[in-house]
Amino acid sequence: MSEASILKNRNFAGLLLANTILGAAFPIQLILGGLTGLMLAPDPVLATLPSSVQTLAGLVAAAPVSILMGRIGRRAGFAFGALMTLTGAIAATQALYVQNFALLCVAHLLMGAGWAAFQYFRFAAGEAVDRKWRPVAISLMLSSLLIAAIIGPQVFIAAKDALAPIPFAGAYAAIGMIAVLGIVPLAAVRMPVPMRAATDDQSDRFAALAALRRRPIRRSIAIAAVSQGVMVFLMVPTPIAMIGCGFSEDTASDVVRWHIVAMFAPSFFTGFLIQRFGAQPIATVGLGMIMAAAVAASLGLTAMNFYGSLIVLGVGWNFGFIGATTMLDAALSEKEKAAVQGTNDTIIALVSTVCAFAAGFVVSTLGWAVLAMISGGLVILTLVVLLSDRATTVEM
């Protein structure tokens, strides 16, 4: 094996391990955002606000983080994300001690900035391997989060009362520890820092953003944004809806755990399916599954409905998101990546933020069934637009 191959393998292994560790914070943040928000919010309508501002941080931070990585490299960018996560975890722990809802929201804002940085692990995976293996590398990078999906909720259950009598403070402290541990594997990563000229020249940035006029790029961004947005719309209020239906916190946590398992478990073979059938067909199947999940969620409030709909939602997200990411990677030149990837994640974060804020209002005023039906309607609208765009392309 050549020295270059050994370096690529080491880089990919370091990224994979770091993503696995840091990803364990995601399900804990997801569970805590709703539960601690419900505990501290002055009004139940604001219960999902911590989760919403965390998503908002992704909107604000996505493009700057991408440009930052274009300047200082992937490794330093991921370390920055871990630092934001650690700071947010400390702030959230303090918020619970002083019973300050505003500080809790600030804490989730910081953790959201950290999570925005971690989203680029999937792009870094593609850059760490040869081009022909990029779909598989992207898929495997997301599959590493399966371990995080299993460990995260268990960490939440084990740590939530660790700092009693303050409920949930121990779980936030655990997020801080995860952030520190996640930095360690990055020491093995030696990916080259991009040439500064590619990111410092303002005209180059505008030229890269002009790539958004191309249909394949617009299509990939649309599929990723809708896959992520509808997933957030259904996922964020799930613990609140379940507790409102009389289920326990542990049951709600278990549903979230299996949802996240479903999000990442298919990644072991999604990349190979994309190699066999193509990225866009797999992404379209993902949208269809998300619509099926919305239908299942609207049909009842039993445990089976919650488990079934959230599991199908997770698989649909996997196909849609990985398919769209692969479509975008294939459509970009190296010079376009920093700007367009940042724009891509900004749009995804914008859609996710709107969905996260809307979810709390819809579930508290109109109910879970209406929220599910709106989700299905959004997917149908997206499929109609994509099919129309494809028909126009064929005619041209």
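A few notes on this one:
- Taken about its Cα centre, the stretch 211-312 carries a charge dipole of about 860 debye when Lys and Arg each add +1 at the Cβ and Asp and Glu each add -1 at the Cβ.
- Label-to-label distance for Val45 and Ala330 is 4.6 nm, based on points extended 7 Å past Cα in the beta-carbon direction.
- Area accessible to solvent at Arg131, 1.4 Å probe radius, in Å²: 130 Å²
- Reported label for calculated mean projected area of the Cα convex hull in nm² given (i) 18.7; (ii) 17.4; (iii) 22.8: (i)
- Averaged over its residues, the chain has an accessible area of 39 Å² per residue, based on protein heavy atoms and a 1.4 Å probe.
- Of the residues Met373, Thr325, Pro216, the one whose Cα sits farthest towards the positive end of the charge dipole of the chain is Pro216 (charges of +1 on Lys and Arg Cβ, -1 on Asp and Glu Cβ, taken about the Cα centre).
- Ligands, DNA and RNA aside, Lys8 has an accessible area near 80 Å² when probed at 1.4 Å.
- Taking a straight line from the alpha carbon of Lys8, these lysines sit under 30 Å away, with near neighbours fewer than eight places off in the same chain left out: Lys132, Lys335, Lys337.
- Counting only protein chain heavy atoms and rolling a 1.4 Å probe, the accessible areas of Arg276, Arg190 rank, largest first, as Arg276, Arg190.
- Cβ charges +1 (Lys, Arg) and -1 (Asp, Glu), total dipole of the chain, debye: 980 debye
- Ligands, DNA and RNA excluded, the heavy atoms of Asp161 present near 90 Å² of accessible surface to a 1.4 Å solvent probe.
- Heavy-atom accessible surface of the chain: percent carbon and sulfur, 1.4 Å: 72 percent
The values are calculated or read from the model by the stated rules, or taken from the named source; none is laboratory data. This structure is a prediction, so every number in the text was calculated from the model and none was measured. With ideal geometry, Cβ positions are generated from the backbone for all residues, glycine too; neighbour counts draw on all protein chains shown. The area values use the complete protein model at the heavy-atom level, side chains included, leaving out ligands, DNA and RNA. Shrake-Rupley method; radii C 1.70, N 1.55, O 1.52, S 1.80 Å.
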